[in-house]
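If you scroll down you'll find the structure; I have some questions about it.
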Amino acid sequence: MTDTYTALVKRLGTVAYSDPHAPIPHDELMTEAAEAITALQGQLADTKTKLFATAEAAATHLKQLAEARKALTPNDRTKCAYIGAFKFDQQTGWDEDGLEIYQTITVPWPTTTEIMAAIRTCAGLKGWRGRL
């Protein structure tokens with residue numbers, strides 16, 4: 001219960017039980033009840049706004065998680081996107097002038113899938129096996 005509701009109940013109880021023969025101040029109680037109801041409606045509206053904002057944020061996070069799972073799941077789409085995308089230069093020797101010779105190595109698809117699996121594990125993406 002909210003503080004406003006509790007205060008109203010206490011006020012009504014105090015009036016009803018303090019002196020059973022005393023006249024009940026209806027107008028005063030009605031004013032207090034109306035103020036309490038207005039306050040409760042304001043609190044409800046604030047709670048509703050916060051709830052919708054939280055739900056909207058949760059939906060956004062779920063969408064982002066689904067996209068992350070898609071990006072980290074080896075399949076035809078990710079294979080087309082990632083195969084040949086990752087490269088590094090490796091020194092393979094020296095030329096006749098003593099300068100280093102480098103060869104560009106393309107990361108093979110099986111290694112890319114292993115990297116994707118390591119990222120999924122590190123991120124705690126459980127149950128990823130093709131289910132998004």
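Please list 96-106, 28-38 highest first by mean number of surrounding beta-carbon atoms within 10 Å per residue.
28-38, 96-106
Still on this structure, please answer the following. Going highest first, how would you order 66-73, 39-46 by mean Cβ packing within 10 Å?
Most protected by this proxy first, the peptides run 66-73, 39-46.
Then there's this: For region 24-132, compute Rh as the Kirkwood radius over C-alpha pairs and then the Stokes-Einstein diffusion coefficient at 37 °C and 0.692 mPa s; write the answer in µm²/s, rounded to an integer.
Once the numbers are plugged in, D ends up at 166 µm²/s.
Can you give the net charge of the other residues whose Cβ lies under 14 Å from the Cβ of residue 79, counting K and R as +1 and D and E as -1?
0
Just so you know, all these numbers are worked out from the coordinates, no wet-lab data involved. Quick caveat, the model's predicted, so the values are computed rather than measured. Glycine also receives a Cβ, built like all others from the backbone with ideal geometry; neighbour counts cover every protein chain displayed.
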